[in-house]
Each structure stands twice: as structure tokens, then as C-alpha cells.
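Computed from the coordinates by the stated procedures, all read-outs in this text should not be read as laboratory data. All values reported here derive from a predicted model rather than from experimental measurement. Here the Cβ positions follow ideal geometry from the backbone for every residue, glycine too, while neighbour counts run over all protein chains shown.
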Amino acid sequence: MNEPININEASFEKAVLQSPVPVLVDFWATWCGPCKMIAPLLDEIARESEGRFRIAKVNIEDDPALMERFKVRAVPTLLFFNGGELRGQLVGGAPKKTIVEKLTNLAGSPTSA
């Protein structure tokens with residue numbers, strides 16, 4: 001079963017930039033209400049993805065360097081990567097349908113690898 005993976009600055013390159021499938025990176029914090037609301041949606045998406053894409057989570061309290069690197073100013077922020085490049089962003093909560101559509105579009109688009 002696919003589940004979201006927790007990543008940090010050390011694992012970011014391999015887990016996200018070198019991923020053979022599109023990756024959604026969820027920047028979140030333990031004190032963030034909307035983060036807690038979106039977490040079950042991301043768990044569902046990961047379980048239902050059948051390996052077509054990956055969900056990765058970055059706790060901004062544990063890894064502020066990645067937050068700064070991508071200029072994340074609010075949580076939750078969802079960054080969409082494909083072929084090692086940032087391809088999209090959603091700030092705040094979003095419906096499951098919107099998130100899945102963005103991932104599906106990325107999965108169908110050619111990578112620059």
C-alpha cells in the first residue's frame with residue numbers, strides 16, 4: 001500500500017528531484033488546522049495512486065531550510081514536481097479532486113529527464 005513519505009533536506013533530492021513519477025510535496029506544521037484537515041485527503045490520494053505519483057511531507061518545524069528554499073510563506077503549501085522540476089503550487093486547503101487532477105495531468109505530461 002502506498003502512503004505519504006516524510007522527507008527532509010537530506011532526502012529531498014532522491015525522493016523528489018530524482019523520482020521517476022510526479023511528486024506532491026506537502027509543507028505542513030503540527031499547529032496548522034488546515035494541514036490537519038488536508039492530511040487524510042493526501043493519505044487517500046497516496047493509497048489510491050497505484051504508484052502513478054508520490055506524496056511527500058515536509059514538517060516545516062523540523063526542516064525550515066526547504067521552506068526557505070521554495071519560498072513557502074504559508075501552510076499548507078502543496079508543491080508539484082515532475083522530472084525534477086517544480087511544475088505547480090497550491091496554497092491552503094484544496095479539494096481532493098483538484099489535487100488529483102493536478103497530479104494526473106503531471107503523470108500524463110512528458111518529463112524533462
Residue-wise HN-Hα coupling along the stretch 31-47, computed from phi with Karplus coefficients 6.51, -1.76, 1.60 (Hz; x: Gly, Pro): 8, 8, x, x, 5, 5, 6, 7, 4, x, 5, 5, 4, 4, 4, 4, 5
Normalised convex hull volume, the chain, alpha-carbon set, Å³ per residue: 91 Å³
Projected label distance in nm at Glu61 and Ala10, using a 7 Å step from Cα toward the beta-carbon: 2.0 nm
Charge tally in the Cβ shell below 14 Å around Ala65, where Lys, Arg are +1 and Asp, Glu are -1, Ala65 excluded: -4
In order through the stretch 53-61: 3J(HN,Hα) via Karplus (6.51 cos²θ - 1.76 cosθ + 1.60), integer Hz, x for Gly, Pro: 7, 10, 10, 10, 10, 10, 7, 5, 6
The stretch 30-94 shape via C-alpha gyration tensor axes, a/c threshold 1.5: oblate
Net length gained if the chain between Ala74 and Thr30 were fully extended (0.36 nm per residue, minus Cα distance): 14.5 nm
Net charge of Cβ neighbours under 12 Å - reference Ile5; Lys, Arg +1; Asp, Glu -1: 0
Relative contact order for the chain, counting Cα pairs under 8 Å that sit 6 or more residues apart, in percent: 35 percent
The chain - mean residue ellipticity at 222 nm from DSSP helices (-39,500 (n - 2.57) per run, n ≥ 4, rounded to 500): -10000 deg cm²/dmol
Sum of side-chain charges, Pro20 neighbourhood, beta-carbon under 12 Å (Lys, Arg +1; Asp, Glu -1): +3
For Thr77, residues with placed amide H under 5 Å, excluding near neighbours: Phe27, Gly92
Long-range lysine pairs (8 or more apart or interchain), the chain, Cα under 18 Å: 7
